[in-house]
Amino acid sequence: MPIRDARAGRAVRHALRLSTRARTTDSRKVPLKIITSLYERWRHLVHELAKFGIVGAVNTVLDFGLANLLYLGFGWPTLGAKTTSVAVAATSSFFMNRHWTFRHRARTGLRREYTLFFLLNGVGLLIANACILVVERGFGKTGALWFNVAQVAGLALGMVFRFTTYKRYVFVSHERAAARSLAEGSVAELDGGAAQPAGSRTGTSS
C-alpha cells in the first residue's frame, strides 16, 4: 500500500507540473495571439502605410536632389527650381502610389485621380508652409535648425493628410467607386477589368 500511495503521489505531482506548464505556455501565447489578430485586422493598412512611406522617402530625395541640381548645377532661380522639382516628384509619387501602394483599389479615371492628387498635394504644401510660418513668426525662431524642425513637422502633418485623403478621394475603395458610378453614371475600373457604365449591368440605359 505505501508503494501504491507513493506512486499515486508522484503521478499527482507530475500532473500538477504539466498543468502549470500548460497554463504558463498559454499565458505566453495570449499576447502573441492578440498581436496576430490585430495584424490580420490591420494588415492592409500596415502594408499601405509601409509602401506609402517608401514612396514618400524616394520622392523626397527626388524633390531635394532635383531642386539642388537645377539651382546649384544649372543656375535656375530658387522658386523655379523648387516648383519644377515639386512637380516632377509629385508626378512620380502619383504613379508609384497608383500602381503600387494603392494598386488593389478601384480606378476612377486617370484625369480625375491626377487632378485630385495635385490639388491635395497643394494643400499639403500649404500645411508645410504654415508650419514654417508658425515657427518663424509665431515662435520667433529662425536659422537652419528651426527651419528644418518646421520642415519635419510639415512633412509629418502633410503625410498624415495625404495618406488619409488619397485613400478617401483619389484611390478609392471598390465600394465607394461603385456607389459613385451609380450616383453619377461615371465609369469605374474594378480590379483592372474592363470599365463599364453603371447602367450596363442591368441592360438599361440611364
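The numbers here are math on the coordinates, done by the rules we state, and not lab data. Remember, predicted model here, so these are calculated numbers, not experimental data. Positions of Cβ are generated from backbone atoms using ideal geometry, with glycine treated the same way; all protein chains shown enter the neighbour counts.
Tabulated values for the structure
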| item | result |
| --- | --- |
| Segment 104-177: chymotrypsin sites (Phe, Trp or Tyr not before Pro) in DSSP loop, at most 12 other beta carbons within 10 Å | Phe139 |
| Ser93, Ser173 arranged by Cβ crowding within 10 Å, fewest neighbours leading | Ser173, Ser93 |
| Nearest-0.05 FRET efficiency for Phe139 and Val88, computed from C-beta distance (R0 22 Å) | 0.10 |
| In range of the label at Leu49: residues from segment 86-124 whose backbone nitrogen is under 17 Å from the point 7 Å along Cα→Cβ | 101-102 |
| Neighbour cut-off at most 14 other Cβ (10 Å), DSSP loop, chymotrypsin sites (Phe, Trp or Tyr not before Pro), segment 36-77 | Trp42, Phe74 |
